[in-house]
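**Student:** Input: one structure, supplied below.
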Amino acid sequence: MLLNQLRYIKFKVSFSFTSNQQRWYNVEKPRLQNIKPQDAIQKETRTIDAPASNEHLLGEIFPAARIVPMVLTNKEPVVLSFDEVPGPKSLKYISKVRSYMSEIGTQLTASILTFGLNIGAYINNRKPLRNLSILFDEYGPVVRFVSPVGGDIVLINHPDHIQKVYMMEGDCPVRSTLDSLEKYRTEHRNRVYAGLYTVHGQEWMRQRTVVYNPLHSSVTQHIQGIDDVCENFVQKVYNLRNNQDEIPKDLYKELHKWSFDCMGLILFSKKFTMLNTELVYSQCDMSWLYHSLEKATQAIIKCETGLHFWKLFTTPAWHSLVKYCDSLDNLIGKHVMEAEQAISFKTQDEIGKNSLINAMLMSDAKMNAEDIATIIMDMLLIGVNTITSSMSFMLYYLAKYQRSQKILYEEISKSYRSDGSIEIDNIKEETPYLQACIKETLRLVPPIPVLTRILSKNVTLDRYNIPRGTLIIMSTQDASLKENNYDDATKFCPDRWLKTDAKDYHAFASIPFGFGARKCIGQNIAETMLSMLTIRLIQKYKLEYHYGDIEPTRSFIAKPNKPLKIRFVDRI
């Protein structure tokens, strides 16, 4: 009934519009012929019998409207947005639902397929599907998700295809964003400005240019402070161990606090002491900042996983996201405002050069406090969680593979004393096996298991033409676990990266930090933090693990799917 009424309304409007246009030409055409000879010639070439589609009439009426005399006033007219045009509200509500149907349809298709695949895998193998390999095994290296009401999605896992997508993306690539975080900023906070993870184009390039050098300088400046945080973590492990030398509390959460304290030094140049804090106090900025980060992360993962009903109405996950992202934004903004005030009362020589916030405030880009707070929030949300994920699996693999841990301990013993400081400048040269362990951990479990791009131009993959604007999902984790790309691909084998034939591995078979212009800006930070904590832990403890295998979750950021019951046995 409603659709029939809409068709009838559309027909009446179209007929009335066409009739009015016809009458206008009958009256005005003779008069227009006397304005200018060339105008008259141009008008005579047009006939009433020309194609009468709406597009043609729209193309005719607007140029002519500029010739019609108008009464001019000195008062500037008020221009309202298109959304302000009056009309039946019920149709506007229907239009709002329609605008989300494409995205909801895409999500629905992907969710149903994923659910069906996991149920089938569980029935056959008695365990859930770890990755998307079953799709590629069935359909080949290029898989298309066709949604009846949404945009199509193309999945790829072949290194050659991943390389081709990266090579044609240009200087300002576009990747799919965290829709929930983008909506929060543009609609709830009324900001056009987005952070490093969600912004695109020239604005992203500007942000990256401003942040890159100060960020890496801050790591160097605070290397001793990061080492102190690592020592603090080692001591806390000693204090928390039970009779089985295990951490009775959640080891993952303790690693999360360690990562938060390190990032606090790098981003804020302040000593956060969450490792020493057991309870959350809303009156303590540091404590509440950590709590808000934890809750905001959980809310974002819930919003980005499954169907996006929060786009249509307020779901519990969306309510939680808004609440805790507001808290994050306000607390980070408070730190930025304090830094801005301090700068205004100091001379150029007195301003700390080692603060990332100070560097952004004093940059030529003239970034304001809100812009900087947005960038810092992205770094906390992505950086703290991905580093925690990687460190968790690093400890798990070293505890499980004793041979690798023994080789690593011998390397560390030769290069560093347990009571000595760690030199950041030569850490990679002096610990090649440690770097191989980190690389192998990230190959087996990249913290973000899939990378996305929105094609800026057509591309041919496996002889299939993929049109521009298509969302490409690159299953990098699946690529790194293929036997075609690595021997014994599912085993933890750091030695593979130290062999002479390591250079023969495809460069795009394992890219945990991405590639090209949008390569992870925090790669150096992550590798430094992972190296330093591993050194301190291996110096003091022998790691052991005696339980079932741990697999990564399939959420936006991979986490261990069961508690990390690692034994920390004192070395004699």
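Every read-out reported here was derived from the displayed coordinates using simple, explicitly stated rules and does not represent laboratory data. Just so we're clear, the structure is a prediction, and the values are computed from it rather than from any experiment. A quick note on method: Cβ atoms are made from the backbone with ideal geometry, for glycine too, and the neighbour counts reach across all protein chains shown.
**Student:** What distance in nm separates the two pseudo spin-label positions at THR553 and LYS270, each 7 Å out from Cα along the beta-carbon direction?
**Tutor:** Distance between label points: 2.8 nm.
**Student:** Using packing as a proxy for protection, rank 440-448, 520-528 so that the peptide with the highest average count of other Cβ atoms within 10 Å comes first.
**Tutor:** Ranked by mean Cβ neighbours within 10 Å, highest first: 440-448, 520-528.
**Student:** Return the FRET efficiency for the residue pair ILE572, GLU370: r is the Cβ-Cβ distance, R0 is 60 Å, and the value is rounded to the nearest 0.05. Provide the component values of the computation, followed by the final result.
**Tutor:** On the way: r = 55 Å, r/R0 = 0.91.
The value I calculate is 0.65.
**Student:** Going by how many other Cβ atoms sit within 10 Å of their own, how do HIS319, HIS291, HIS158 line up, fewest first? List each step's numbers first, then the result.
**Tutor:** Numbers: HIS319 12, HIS291 19, HIS158 24.
Listed from fewest to most nearby Cβ atoms, that is HIS319, HIS291, HIS158.
**Student:** Label region 431-559 by shape, choosing from rounded, prolate and oblate, from the square roots a ≥ b ≥ c of the eigenvalues of the Cα gyration tensor; if a/c is under 1.5 it is rounded, and otherwise prolate applies when a/b is larger than b/c, oblate when it is not.
**Tutor:** Cα axes put region 431-559 in the prolate bin.
**Student:** For ASP285, ASP570, which order do you get if you count the other beta carbons within 10 Å of each Cβ and list the fewest first?
**Tutor:** Numbers: ASP285 16, ASP570 10.
Fewest-to-most Cβ neighbours within 10 Å comes out as ASP570, ASP285.
**Student:** If you don't mind, there's one more thing I want to ask. By per-residue mean of other Cβ atoms within 10 Å, what is the highest-first order of 382-391, 396-405?
**Tutor:** 382-391, 396-405
**Student:** Work out, step by step, the length gained on full extension between GLN298 and ASP488: first 0.36 nm times the residue separation, then minus their alpha carbon distance; give nm to one decimal.
**Tutor:** The GLN298-ASP488 span can extend by a further 65.0 nm.
**Student:** Related question: Summarise the long-distance tail of P(r) for region 491-572 by giving the % of C-alpha pairs beyond 20 Å.
**Tutor:** Working: 1961 of 3321 pairs.
Pairs farther apart than 20 Å: 59 percent.
**Student:** Based on the mean of other Cβ atoms within 10 Å per residue, sort peptides 211-218, 543-550, 371-378 so the most packed one is first.
**Tutor:** Most protected by this proxy first, the peptides run 371-378, 211-218, 543-550.
**Student:** With the Cα gyration tensor of region 274-411 giving a ≥ b ≥ c as the square roots of its eigenvalues, does the rule (a/c under 1.5 for rounded; else a/b larger than b/c for prolate; else oblate) give rounded, prolate or oblate?
**Tutor:** oblate
**Student:** Can you classify region 359-490 as rounded, prolate or oblate using the Cα gyration tensor, where a ≥ b ≥ c are the square roots of its eigenvalues, rounded means a/c under 1.5, and otherwise it's prolate if a/b beats b/c and oblate if not?
**Tutor:** oblate
**Student:** Using the structure shown, list the pairs from LYS491/LYS542; LYS519/LYS562; LYS295/LYS400; LYS302/LYS559; LYS400/LYS562 with a Cα-Cα distance above 23 Å, or answer none.
**Tutor:** LYS519/LYS562; LYS295/LYS400
**Student:** Could you line up CYS325, CYS262 from fewest to most neighbouring Cβ atoms inside 10 Å? All intermediate terms of the calculation are to be shown ahead of the outcome.
**Tutor:** Numbers: CYS325 24, CYS262 28.
The fewest-first ordering by Cβ neighbours comes to CYS325, CYS262.
**Student:** Using 0.36 nm per residue of separation minus the Cα-Cα distance, give me the extension gain between THR500 and LEU279 in nm, one decimal. Could you put the intermediate results ahead of the total?
**Tutor:** On the way: separation 221, 0.36 × 221 = 79.56 nm, distance 5.08 nm.
In short, 74.5 nm is gained.
**Student:** Follow-up. Run the simple label-point estimate for GLU182 and GLU138 please: 7 Å along Cα→C-beta, distance reported in nm.
**Tutor:** 2.9
**Student:** Turning to a different aspect of this structure: Using 0.36 nm per residue of separation minus the Cα-Cα distance, give me the extension gain between MET362 and ASN465 in nm, one decimal.
**Tutor:** 32.4 nm
**Student:** Determine by what factor the alpha-carbon radius of gyration of region 438-502 differs from 2.2 N^0.38 Å, reporting the quotient. Each step should come with its number before you reach the end.
**Tutor:** Working: Rg = 15.1 Å, N = 65, 2.2 N^0.38 = 10.7 Å.
It is 1.41.
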